[in-house]
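Q: Quick one: the structure is below, and I'll ask about it shortly.
The values are calculated or read from the model by the stated rules, or taken from the named source; none is laboratory data. If you're wondering where the values come from, they're calculated on a predicted model, not measured in any experiment. Positions of Cβ are generated from backbone atoms using ideal geometry, with glycine treated the same way; all protein chains shown enter the neighbour counts. Surface areas here come from the heavy atoms of the whole protein model, side chains and all, with no ligands, DNA or RNA. Shrake-Rupley method; radii C 1.70, N 1.55, O 1.52, S 1.80 Å.
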Amino acid sequence: MDHVVLTGDRPTGPLHLGHYFGSLANRVRMQDEHPMYVLIADYQVITDRDRPGEIQANITDLLLDYLAVGLDPAKVTIFQHSAVPELNQLMLPFLSLVSVSELSRNPTVKDEIAHSSQAAVSGLMFTYPVHQAADILFCKGTLVPVGRDQLPHVEVTRLVARRFNERYGEVFPLPEAVMGERPLLKGLDGGKMSKSRGNAIALKATEDETAALIRKARTDTDRLITFDEERRPEVANLLTLAGLCLGRKPRELADEIGDGGGLALKRLTTDAVNDFLRPIRARRRELSAAGVRRVLEEGNARARERAADTLREVRDAMGF
Ligand code: TRP
């Protein structure tokens, strides 16, 4: 089978190292192997908040991050929800294929509702996994590189595709989630890495900001540095981060630091991160906001053509 890769991000702020090692590195590798679509999921921003916020600035930031890490617009179609009406229209027939009780069982939606700051659960929050099915199926995506939290959405997508095919004839392939095999990076405070918690190193952060964040990272008082994820999770997380940036084993780095303590560990991690991000940050500075906007316009046009074809096929299959 010829694969098509689709993945995406909500434009809610700059990407950080967790994104890089969790999925961006994987995408850069996959762009040479398969046709690939990368979605800037702008409509999805309003699932868990009332307003889209600084949406234009966030979209530009996301584009700059994508191109800085090496996504190549000659190989990858980068596009946004709000510019592809045909994609959004697929949501309507797809909603008819799932039951309300199936929607209400989705564990990721439940979790997001539990953590949402909104006063009420919107209809869009409830149905956004079906919108995500449209994201994946508009281009007949077969491989979906995502984090673990997104697996229920890929399941919904498979359900939608299977039911559509049963009811109206074979139109959609069943997509598969692809998960990175990298170790999970935690934030510098030991919690989930997240921009909003101030515990993440943005790819575009300056070297000084990076150093300041790592200086504040939690460690412990034992001067002998060891790699022990159970008992010393904060120290292990810094070693993991440095290891990823250096392409080395965290355990080896721990042995080298020996009894240098938290200070030596932080110095090594800061240098590792800044060295690793230096070329990415330099590329980012060379890009212009106008240039990346053009990339998006071209991607939007390509995605629109693809979505129009699929929508036509869907309407024909359904007899509209
Ligand atoms: N929900 C994803 C996230 O929050 C973003 C996303 C939207 C996505 N549509 C997608 C990911 C389709 C993969 C496939 O990170």
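Q: Lys pairs in the chain, Cα-Cα under 25 Å, at least 8 apart or on separate chains: how many?
A: Taking the chain as the scope, the lysine pair count is 22.
Q: In square angstrom, what is the accessible area per residue of region 20-162 with a 1.4 angstrom probe?
A: Working: 5560 Å² over 143 residues.
Dividing the accessible area of region 20-162 by its residue count gives 39 Å².
Q: To the nearest 10 degrees, how steep is helix 261-286 against the longest Cα principal axis of the chain, on a 0 to 90 scale?
A: Compared with the principal axis, the helix lies near 40 degrees.
Q: Round to a whole number: what % of the accessible area of the chain belongs to carbon and sulfur, probe 1.4 Å?
A: On the chain, the fraction of accessible area on carbon and sulfur atoms equals 50 percent.
Q: Any chance you could give the angle, 0 to 90 degrees and rounded to 10, that helix 207-216 forms with the longest Cα principal axis of the chain?
A: 70
Q: Using modelled amide H (1.01 Å from N, peptide plane; none on Pro or chain starts), what sits under 5 Å from the amide H of residue 8, excluding residues fewer than 5 places away?
A: When sequence neighbours closer than 5 places are left aside, the close amide H contacts are 39.
Q: On to the next question. Using a basic spin-label model with each label point 7 Å from the Cα along Cα→Cβ, how many nm lie between residue 75 and residue 275?
A: That separation, rounded to one decimal, is 2.6 nm.
Q: So, one more: Tell me the net charge near residue 234. Cut-off is 13 Å between Cβ atoms, residue 234 excluded, with +1 for each Lys or Arg and -1 for each Asp or Glu.
A: 0
Q: Can you send over the solvent-accessible area of residue 206, 1.4 Å probe, protein chains only, in Å² to the nearest 10?
A: 70
Q: Mind checking the full-extension length gain between residue 56 and residue 121? Use 0.36 nm per residue of separation minus the Cα-Cα distance, one decimal, nm.
A: Value of the extension gain: 20.9 nm.
Q: Would you mind computing, in nm to one decimal, how far apart the modelled labels at residue 294 and residue 230 are, each placed 7 Å from Cα along Cα→Cβ?
A: Between residue 294 and residue 230, the simple spin-label model gives 5.7 nm.
Q: How large are Rg and Dmax for the chain when only the alpha carbon atoms are used, in Å?
A: 21.1, 72
Q: 222 nm [θ] for the chain, helices only, -39500 (n - 2.57) per DSSP H run of 4+, per residue, to 500?
A: On the way: 13 runs with 166 residues, N = 320.
Rounded to the nearest 500, the figure is -16500 deg cm²/dmol.
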